[in-house]
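What follows is a set of notes on a single structure, which appears directly below.
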Protein chains: 2
Amino acid sequence: MTNNMSDYRIRPIGIVKSKADKEVLKYSNKDIKLDRDVALSQGIDLKKSEIIINEEYLDCLDGIEDFSHIVIMFWTHKVPDNARQIKKVHPAGLKEMPIKGIFATRSPVRPNPICKTTVKLIERKGATLLVEGLDAIDNTPVVDIKPHIPFYDSPLNVKLADWMYRLMQKLKELTSPLELNESSNPYSVDIRLHPCISPDQQRSEQ
Amino acid sequence: MTNNMSDYRIRPIGIVKSKADKEVLKYSNKDIKLDRDVALSQGIDLKKSEIIINEEYLDCLDGIEDFSHIVIMFWTHKVPDNARQIKKVHPAGLKEMPIKGIFATRSPVRPNPICKTTVKLIERKGATLLVEGLDAIDNTPVVDIKPHIPFYDSPLNVKLADWMYRLMQKLKELTSPLELNESSNPYSVDIRLHPCISPDQQRSEQ
């Protein structure tokens, strides 16, 4: 009989290749910290990246080119092991944000430091996937890839915590220098285009 | 210097409690197989489930109740270790589907058997989350929880492989007995409600 609460082993199935090689959010002194200079300077480098799949998993990619968007699961390898103990953070390391539990945030520092990002698949060439919008730095180990399926992955009538709307706005301000237009910065997303209910709508519903 | 290609250890942070305790998709003889009887009989049991978070991670939940939808990452613990070698499957174990690489499918059998499901958060009571739409059976170990954020997780203008549209339709037929109406069966999703482009639209665009 297996013990469901035992540890499990995961193995990298590929690696990220990107011009971006510095962490935007860094673990430091039992907290996370946003490096605004890195966020600003590296934004455009994150726009396009490559994922190189290990040779032994090449067959697993068969048919992936028929999907426009894929979910990349990666291990945030720069997070030190003791950081996995952290239970709460100021989201995005911004002190002006209320302190919240890790599971209510998308912090890269978490008990199991696996991040998921949904990216646009531009092209597949053999073992290499060229993608848009992957917020993982150079040499990040990739642990899984799945097709994005809206009927499973894009629920309707979504409501977010108020602070998350403020955070989205804040990150947009912090990471959008004048020389970048909105479409070339992966952190700048027009939230009005997405199927979720804004705080204003929530209030008018109550 | 750390080797990025080394294995990583993940630890369960909680466990699923559900009336559903049988696998719908099962690994057997180097392939996956859909158990139609289980799919039919268990569908309604998967509608609502509980996630019990381990005491030590209770603080990580702070603020999660302000989100309507959360992403559950779980380990498909019934998949035997040697099944992680499989590179291709008939999606959903249906021989009528073209054989595809694991990364182009949502198969529970994969090199790192971590599944992600976006669920509706109905209620949080202490360490217990009552959720809707979790396709994980009783005692499944949960490894991470994240808030669902449409601007990251719900891209627009999504295109799927043709076979995936057929599979969605097929699964709906296979898992919708007469006594279940559409809204009570978690496998039945009206794909027209979701922001993706159908094969017909794709053809008319070409």
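Calculate the length of the line joining the C-alpha centroid of region B:93-120 to that of region A:19-79, in whole Å.
Between the Cα centre of region B:93-120 and that of region A:19-79, the gap is 22 Å.
Rounded to whole angstrom, how close does the nearest chain B beta-carbon get to the axis mapping B onto A, and which residue is it?
B:S154, 2
Calculate the mean, over all residues of peptide B:62-73, of how many other protein chain Cβ atoms lie within 10 angstrom of the residue's Cβ. Before the final figure, lay out each step's value.
Details: counts 10, 13, 7, 2, 8, 7, 9, 8, 2, 5, 0, 5.
Other-chain Cβ atoms within 10 Å of each residue's Cβ, averaged: 6.
List, shortest first and in nm to one decimal, how far the label point of A:R9 (7 Å from Cα along Cα→Cβ) is from its counterparts in the other copies.
Result for A:R9, in nm, nearest copy first: 1.2.
Counting only protein heavy atoms and a 1.4 Å probe, tell me what percentage of region B:14-153's accessible area is made up of carbon and sulfur.
Details: 2440 of 5300 Å².
Result for region B:14-153: 46 percent of the exposed heavy-atom area is carbon or sulfur.
Given a 1.4 angstrom probe, what's the average accessible area per residue across region A:14-153, in square angstrom? Present the calculation step by step, with values, prior to reporting the outcome.
Details: 5290 Å² over 140 residues.
With the other protein chains kept in place, region A:14-153 gives 38 Å² per residue.
Report the accessible surface area buried between chains A and B, summing both sides, using a 1.4 Å probe on protein heavy atoms only, in Å² rounded to the nearest 100.
So the total buried area for this chain pair works out to about 8100 Å².
State, to one decimal in nm and shortest first, how far the label point of A:E123 sits from each corresponding label point in the other identical copies (label point: 7 angstrom along Cα-to-Cβ).
Distances between equivalent label points, in nm: 5.4.
Which loop trypsin sites (Lys or Arg not before Pro) in region A:80-133, with loop taken from DSSP, have no more than 13 other Cβ atoms within 10 angstrom of their Cβ?
Working: sites: A:R84, A:K87, A:K88, A:K95, A:K100, A:R106, A:K116, A:K120, A:R124, A:K125; in loops: A:K87, A:K95, A:R106.
Listed in order of number, the matching sites are A:K95.
My understanding is that a pair violates if its Cα-Cα distance is over 19 Å; which of A:K88/B:K47; B:K78/B:K125; A:K159/B:K120; A:K30/A:K78 do that in this structure? Don't skip to the end; give the middle numbers.
Working: A:K88/B:K47 31 Å; B:K78/B:K125 28 Å; A:K159/B:K120 10 Å; A:K30/A:K78 14 Å.
From the list (A:K88/B:K47; B:K78/B:K125; A:K159/B:K120; A:K30/A:K78), the Cα-Cα distance tops 19 Å for A:K88/B:K47; B:K78/B:K125.
Could you pull the copy-to-copy label distances for A:D81, with points set 7 Å along Cα to Cβ, in nm to one decimal and sorted shortest first?
Values, ascending and in nm: 2.0.
Under a 1.4 angstrom probe, counting protein chains only, how are B:E55, B:E50 ranked by accessible area, largest first? It would help to have the intermediate numbers written out before the result.
Details: B:E55 135, B:E50 75 Å².
Result, largest first: B:E55, B:E50.
Quick check: pseudo-label points 7 Å beyond the Cα along Cα→Cβ at B:N29 and A:E173, how many nm apart are they?
That separation, rounded to one decimal, is 6.3 nm.
The values are calculated or read from the model by the stated rules, or taken from the named source; none is laboratory data. Predicted model only: the values in this text are computed from it and were never measured. No Cβ is skipped: glycine too gets one built from the backbone with ideal geometry, and neighbour counts run over all protein chains shown. Calculation scope for accessible area: heavy atoms of the full protein, side chains included, ligands and nucleic acids excluded. Shrake-Rupley method; radii C 1.70, N 1.55, O 1.52, S 1.80 Å.
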